[in-house]
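Colleague: My structure is below; once you've seen it, I'll send some questions.
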Amino acid sequence: MLKLLLVSSDKDALSDLASALAKYGDVELSWVESGGTALNLASDAAIDLIVTDERLGDMTGLEFAAKLLTVNPMINCASVSSLSHEKFHKVSEGMGLLAQLPIKPGKEHAKDLLQRLKYIKGLTDGVKDNIT
């Protein structure tokens, strides 16, 4: 079961993505409305992916991604951003973001995110198996 956390103060902003993700049987979806709440959860809960809206009320999605690295760098993160791909890459470099999502991400983005996440988890699961 993949545990995903959506972070947005406006549920409509991620509603299409959430609906698409909810249709997958191996996804457990949760919502919070602020970056601070998400960071608190990230420090204690097992979360596979956090998806942030561009603005969270208490910080931006990119500010959240930077703070997440100090709380739990093993949690994958994707962020909605209206920046150009080049600008997003420049400002998010080193944050280890899984993806840049467009405003109002939908079904095709859900599928792509899950494929990327499963691929990465497959790689890290293999590393864990080799360590033990």
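The values are calculated or read from the model by the stated rules, or taken from the named source; none is laboratory data. Please read all numbers here as calculations on a predicted model, not as lab measurements. Glycine gets a Cβ as well: all are built from the backbone with ideal geometry, and neighbour counts include every protein chain shown.
Colleague: Which residue, of LEU114, LEU21, LEU97, LEU123, is over 15 Å from LYS3 (Cβ atoms) and surrounded by 18 or more Cβ atoms within 10 Å (Cβ to Cβ)?
Modeller: Answer to the check: LEU97.
Colleague: Among the numbered criteria (1) modelled with pLDDT under 95; (2) touching an Asp or Glu at 6+ places or on another chain (Cβ under 9 Å), which one does SER82 miss?
Modeller: It fails just one condition, (1).
Colleague: Also, I was wondering about something else. Got a sec? Which of ASP58, ASP48, ASP12 is of a type in the set (Asp, Glu) and closer than 24 Å to LYS118 by Cβ?
Modeller: ASP48
Colleague: Scan the stretch 24-46 for residues that are under 16 Å from GLY61 (Cα atoms) and either in contact with a strand residue (DSSP E or B) (Cβ under 6 Å, 6 or more places away or on another chain) or surrounded by fewer than 14 Cβ atoms within 10 Å (Cβ to Cβ) (or both) and report the count.
Modeller: Residues meeting the conditions: 4.
Colleague: Still on this structure, please answer the following. Looking at the stretch 67-94, which of its residues are buried (at least 17 other Cβ atoms within 10 Å of the Cβ) and among the small types (Gly, Ala, Ser)?
Modeller: Across the stretch 67-94, the qualifying residues are ALA78, SER79, SER81, SER92.
Colleague: For the stretch 40-118, please list each of the strands (runs of 3 or more DSSP E) lying entirely inside it that holds at least 1 residues being more than 21 Å from ASP10 (Cβ to Cβ), under 13 Å from the mean Cα position of the chain (by Cα) and touching a residue at least 12 places away in the same chain (Cβ under 8 Å).
Modeller: 76-80
Colleague: Still on this structure: If I go through the stretch 9-23 residue by residue, how many of them are under 15 Å from GLY57 (Cβ atoms), free of Cβ contacts under 8 Å to residues at least 60 places away in the same chain, in contact with a strand residue (DSSP E or B) (Cβ under 8 Å, 6 or more places away or on another chain) and not basic (Lys, Arg)?
Modeller: Total satisfying the criteria: 1.
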